[in-house]
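Colleague: Just dropping this structure here.
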Amino acid sequence: MRVEQVAPDIYNLVGAFLDSNSTVIVNDQEALLVDTTASLADAEELRSFVESELGKRVRFIICTHFFRDHVAGLKLFPAASIIAHQNYTHTYDAESFRGEEEEANFVEPDILISDRMLMRWGRYELEVFHNPGHTMSTLNIDIPGADLLMVGDNIVGDLVYLYYSTPALLKTALVRLLRRGRAHIIEGHQGVLGGETVANALHYLETLATHVGAARLSSGDDDAILEIGLDKCLKPGVAGSDFERIFHERNLRTVIERGLFAQAHTPNRQPIGTN
């Protein structure tokens, strides 16, 4: 597990499985976690870091959303109060994500948020706010005192993941994040990223729409969409990672299966369709 110190009293831990993040924010003898990694082995390392290395007791856990790659450690902190969006079951009940492992790790939240919550934790003020994009129950967290924005899976590297959402919903979520103007970003995976990641993801989404529209106009063949390379959609100068290429290829298949961006090439329309 990789440990990154983001700011005084803030640590981000990147698990070995799926590079899933968990963030630790310290307050005296207690700690607040944001997500709890994707595997029990990583979650055990997380617990060891918090309790043994930092000598803290976990008081709160904020879940950005309830997909299994972020909740593996909930049962390891029985004294913690779990905070989630009131519609968290929309992701927990997703058929493709209900399995033995998720059932074993599930803990019902103690505190449910509908729109927004402010809380003081140690030296920082946290604004926890509903920002539906990747899922309808996604919570994001703004920490102005650390110039840090925690975005869950609304961003995946320098792109977005379309499978559970729509282009319009994700664009709205990204615009909300962009307005925050933070220098540091922590998403669901891959560690701490620069603030430019939000603009990069928005560029990817809009450029993908343009290329999909062009592919449909030129050939009307799904194969033309599958040939859209990640590098064509990323902002110039941004190099795609292997992790991002996996999700880009999934996005292309989702575009075809669901007919996304159907209005992207229609005159007098915005680049991102409403489908």
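Colleague: Out of the residues in segment 42-70 that are in contact with an Asp or Glu (Cβ under 7 Å, 6 or more places away or on another chain), basic (K, R) and not in a strand (DSSP E or B), which is modelled with the lowest pLDDT?
Modeller: Among those that are in contact with an Asp or Glu (Cβ under 7 Å, 6 or more places away or on another chain), basic (K, R) and not in a strand (DSSP E or B), it is R68.
Colleague: I'd like to know if segment 162-177 contains one or more residues that are open to solvent by less than 20 Å² (accessible area, probe 1.4 Å) and farther than 25 Å from E249 by Cβ. Full working, then the answer.
Modeller: Within segment 162-177, the first condition is being open to solvent by less than 20 Å² (accessible area, probe 1.4 Å), and the residues that meet it are 162, 165, 167, 170, 173-174, 177.
From what is left, the residues that are farther than 25 Å from E249 by Cβ are none.
No: zero hits.
Colleague: Does segment 188-210 contain at least one residue that is part of a loop (DSSP other than H, G, I, E, B) and over 19 Å from the mean Cα position of the chain (by Cα)? Step through it out loud before you land on a result.
Modeller: As a first pass, look at segment 188-210 and keep what is part of a loop (DSSP other than H, G, I, E, B): 188, 190-191, 195.
Of the ones still in play, those that are also over 19 Å from the mean Cα position of the chain (by Cα) are none.
No, segment 188-210 contains no residue that is part of a loop (DSSP other than H, G, I, E, B) and over 19 Å from the mean Cα position of the chain (by Cα).
Colleague: Turning to a different aspect of this structure: Being over 18 Å from the mean Cα position of the chain (by Cα), open to solvent by 10 Å² or more (accessible area, probe 1.4 Å) and of a type in the set (S, T, N, Q) is the requirement here; does N87 meet it? Spell out the reasoning first.
Modeller: Numbers: over 18 Å from the mean Cα position of the chain (by Cα): no; open to solvent by 10 Å² or more (accessible area, probe 1.4 Å): yes; of a type in the set (S, T, N, Q): yes.
In short, no.
Colleague: If the Cβ limit is 9 Å and pairs must be 6+ apart or interchain, which residue in segment 105-125 that is at positive phi pairs with which residue that is among the acidic types (D, E) and in a strand (DSSP E or B)?
Modeller: From segment 105-125, the pairs are G122/E30.
Colleague: Here is a follow-up. Quick check, is F243 open to solvent by less than 70 Å² (accessible area, probe 1.4 Å), closer than 23 Å to V198 by Cα, modelled with pLDDT under 95 and part of a loop (DSSP other than H, G, I, E, B)? Let's see the steps before the verdict.
Modeller: Details: open to solvent by less than 70 Å² (accessible area, probe 1.4 Å): yes; closer than 23 Å to V198 by Cα: yes; modelled with pLDDT under 95: yes; part of a loop (DSSP other than H, G, I, E, B): no.
No.
Colleague: If you go through segment 56-72 one residue at a time, do you hit one that is touching a residue at least 40 places away in the same chain (Cβ under 8 Å), in contact with a Gly (Cβ under 9 Å, 6 or more places away or on another chain) and surrounded by fewer than 19 Cβ atoms within 10 Å (Cβ to Cβ)?
Modeller: Scanning segment 56-72, I find no residue that is touching a residue at least 40 places away in the same chain (Cβ under 8 Å), in contact with a Gly (Cβ under 9 Å, 6 or more places away or on another chain) and surrounded by fewer than 19 Cβ atoms within 10 Å (Cβ to Cβ), so the answer is no.
Colleague: Starting from residues that are open to solvent by less than 10 Å² (accessible area, probe 1.4 Å) and within 13 Å of L170 (Cα to Cα), keep the ones in segment 114-136 and report whichever is nearest to the chain's Cα centre (by Cα).
Modeller: H134
Results for (1) modelled with pLDDT of 95 or more; (2) basic (K, R); (3) in a strand (DSSP E or B), shown as yes or no for each residue.
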residue: V107; (1), (2), (3): no, no, no
residue: L112; (1), (2), (3): yes, no, yes
residue: R120; (1), (2), (3): yes, yes, yes
residue: V128; (1), (2), (3): yes, no, yes
residue: G133; (1), (2), (3): yes, no, no
residue: G145; (1), (2), (3): yes, no, no
residue: V151; (1), (2), (3): yes, no, yes
residue: N154; (1), (2), (3): yes, no, no
residue: Y161; (1), (2), (3): yes, no, no
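Colleague: Those residues that are surrounded by 16 or more Cβ atoms within 10 Å (Cβ to Cβ) and either of a type outside the set (K, R) or touching a Lys or Arg at 6+ places or on another chain (Cβ under 9 Å) (or both), I need them from segment 213-229; list them, please. Walk me through how you get there before you give the answer.
Modeller: Initial filter on segment 213-229 (surrounded by 16 or more Cβ atoms within 10 Å (Cβ to Cβ)): 213, 215-216, 224-225, 228.
The answer is G213, A215, A224, I225, I228.
Colleague: Between a residue in segment 10-28 that is at positive phi and any residue that is assigned to a strand (DSSP E or B) and open to solvent by less than 40 Å² (accessible area, probe 1.4 Å), which pairs come within a Cβ distance under 7 Å, given they are 6 or more apart or on different chains?
Modeller: Going by the 7 Å Cβ cut-off, the qualifying pairs are L18/H189; D19/H189.
The values are calculated or read from the model by the stated rules, or taken from the named source; none is laboratory data. Nothing here was measured: the structure is a model prediction, and the numbers come from that model. All Cβ positions, even for glycine, are placed from backbone atoms using ideal geometry, and neighbour counts span all protein chains on display. Accessible surface areas use protein heavy atoms only, side chains included; no ligands, DNA or RNA. Shrake-Rupley method; radii C 1.70, N 1.55, O 1.52, S 1.80 Å.
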